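Quick notes on the structure that follows.
The values are calculated or read from the model by the stated rules, or taken from the named source; none is laboratory data. A quick note: this is a predicted structure, and the numbers were derived from the prediction, not measured. Here Cβ is always computed from backbone atoms with ideal geometry, including for glycine, and neighbour counts include all displayed protein chains. With ligands, DNA and RNA removed, areas are computed over all heavy atoms of the protein, side chains included. Shrake-Rupley method; radii C 1.70, N 1.55, O 1.52, S 1.80 Å.
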Amino acid sequence: MCTAFCITFFFFTLLFSLFSLLIFVLRLKVGCNCEICQVYITSTWTKEFDNLCDWFTHLLQKSATGTIHIHVLGNTITANPKNVEHILKTRFENYPKGEPFAAILGDFLGKGIFNVDGDSWKFQRKIASLELGRTSIRRHAFDIVNSEIQSRLLPLLSSVSAEQRVLDLQDVFRRLSFDNICKFSFGLDPGCLELSLPVSEFAEAFDLASQLSAQRALASSPLIWKLKRALNLGTEKRLKQAIKMVDVLAQEMINQRRDKCFSDSNGLLSRFMGTINDDKYLRDIVVSFLLAGRDTVAAGLTSFFWLLSQHPEVESAIRDELERVMGSSDDHQQMASFDQLRDMHYLHAALYESLRLFPPIQFDSKFALEDDILPDCTLVRKGTRVTYHPYAMGRMERVWGSDCLQYKPERWLKQGRYVPENLFKYPVFQAGKRVCLGKEMALVEMKSVVLAIISRFNIRVLSPNQAPRFAPGLTANVRGGLPVLVQQNRKIHAY
């Protein structure tokens, strides 16, 4: 036994030493000595920028074409709207998600809609489109959101206000959107936003799996995370444990839905269960729609309230519009109707402007099937990762003008009415064939939450002048959350 232990220990030590040497070599020489790649490898960009996305933005702003190359990642990154249209529309078939991307997120997302191409993607999108496209379903989602707001969000904020304690608003939005997407898509209520703010093992495991999966894409070589996975070391060991927890709880969701006679129920999961018998495939679908319906909405609301803390004039304008559309009322239970939300053009513009500067999905990548040339004359070789960067695009003067860094809802309005922009200039909800199916429902949820809060409370961000620092992840989650003080404002009429 002693001999076996020594042999095992020797081989483990040898493998770990080889792994450490590999990392050392890759960080020193990864086949490119250009300035950008060396800055990336050594992480010296952190001396000037808090976020990697801000460094990429800086490089894209300096580029004559709005396109850069990170050779060490095999990645061409663009903030050029013409290139975006080429990738997402003109040559759509040449830019699938691709096998490298599927490998990075495969353990977490599996064969879910955001990680597949071809027939599997078409099938899932068709089912989701049929479900989400119905007006009755959208109104059903609206009712779920309003119920969650009235029964949980408002009582929580009132309690926090009375106790005068600090609240992490990002955490609240993540709980709110998690409850909403589970009720809507799966017919189940996890109760994350109950007054006690209970710990959710599923939500925590989901967050960790998302964060660690995203970190794989930042590795200077896929060999690094693949070797760590093979040896079950470090972040890959933690990712494996987190995914195991996600798998168990996702299966519980599927079983509960099946026990409740899914064929007679509304919801995306019921639709899919009517045609799919593979529980692993259903698990992948559950995880993908949770990612879409929870993290993106929460990220969008978090950045919106951070911006609002710096722009009280926007908050006042939203309240003025609310009073024009709804009229004055002392009834704190009254909620804006689905149709009344459509009449609030300034609110719509304020949200779109916030998403322009802080898109929940900061970048999206594809892989070229064949050699290609982008409209800005950038040569793309077969197998190259091609990334369009909505976060950077919102900060490009050549795209949005000299005031691109300013938060100005008015840029979306003409004579008081919202006017949309070209989707390839504003790919926050993607564009082309992969445009977001849940866009309208997400916006309705965000509008409902914003109106419910600012019509009853004043939100005071504790550090409004500190720009958001983002944690690694598939969506733009703020590191440290958004600590706020909540003050009930009885002078403001509720809608």
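Some points to look at:
- Filter pass, Arg456 being closer than 24 Å to Asp54 by Cβ and of a type outside the set (A, V, I, L, M): no
- Residue in the stretch 275-296 that is under 25 Å from the mean Cα position of the chain (by Cα), surrounded by fewer than 22 Cβ atoms within 10 Å (Cβ to Cβ) and over 21 Å from Phe101 (Cα atoms) present: no
- Test result for Phe367, under 26 Å from Gln61 (Cα atoms) and surrounded by 14 or more Cβ atoms within 10 Å (Cβ to Cβ): yes
- Asp189 meets the stated requirement of being in contact with a Cys (Cβ under 9 Å, 6 or more places away or on another chain), without any contact (Cβ under 8 Å) to a residue 12 or more places away in the chain and either closer than 30 Å to Tyr95 by Cα or not hydroxyl-bearing (Ser, Thr, Tyr) (or both).
- Within the stretch 425-447, the only residue that satisfies the criterion of being surrounded by fewer than 21 Cβ atoms within 10 Å (Cβ to Cβ) and in contact with a Pro (Cβ under 7 Å, 6 or more places away or on another chain) is Lys425.
- Scanning the stretch 211-237 for residues that are polar (S, T, N, Q), open to solvent by less than 20 Å² (accessible area, probe 1.4 Å) and at pLDDT 90 or above yields a single hit, Ser213.
- Residue within the stretch 328-344 that is crowded, with 19+ Cβ neighbours inside 10 Å, closer than 30 Å to Arg469 by Cβ and of a type in the set (A, V, I, L, M, F, W, C) present: no
- Under the condition of being acidic (Asp, Glu) and open to solvent by less than 30 Å² (accessible area, probe 1.4 Å), the residues counted in the stretch 373-404 number 1.
- Qualifying residues in the stretch 155-180 (those that are hydrophobic (A, V, I, L, M, F, W, C) and open to solvent by 20 Å² or more (accessible area, probe 1.4 Å)) - the one farthest from Ile459 (Cα to Cα): Ala162
- Check on Phe108, within 20 Å of the chain's Cα centre (by Cα), aromatic (Phe, Trp, Tyr) and under 25 Å from Gln430 (Cα atoms): yes
- Filtered residues of the stretch 50-67 (kept if open to solvent by 40 Å² or more (accessible area, probe 1.4 Å) and not in a helix (DSSP H, G or I)): Asp50, Ala64, Thr65
- The stretch 44-77, subset among the hydroxyl-bearing types (Ser, Thr, Tyr) and under 24 Å from the mean Cα position of the chain (by Cα), residue nearest to Val386 (Cα to Cα): Thr76
- Residues of the stretch 68-114 classified as in a loop (DSSP other than H, G, I, E, B) and within 30 Å of Ala242 (Cα to Cα), total: 6
- Boolean, Gln251 is surrounded by 15 or more Cβ atoms within 10 Å (Cβ to Cβ), within 25 Å of Thr275 (Cβ to Cβ) and out of contact with any Phe, Trp or Tyr (no Cβ under 7 Å at 6 or more places or on another chain): yes
- Note on the stretch 254-272: residues that are crowded, with 19+ Cβ neighbours inside 10 Å and at pLDDT 85 or above total 2.
- Residues that are farther than 30 Å from Val39 by Cβ and either open to solvent by less than 10 Å² (accessible area, probe 1.4 Å) or of a type in the set (A, V, I, L, M, F, W, C) (or both) do occur in the stretch 78-93.
- Being open to solvent by 20 Å² or more (accessible area, probe 1.4 Å), within 30 Å of Ile137 (Cα to Cα) and touching a residue at least 24 places away in the same chain (Cβ under 8 Å) is true of Leu197.
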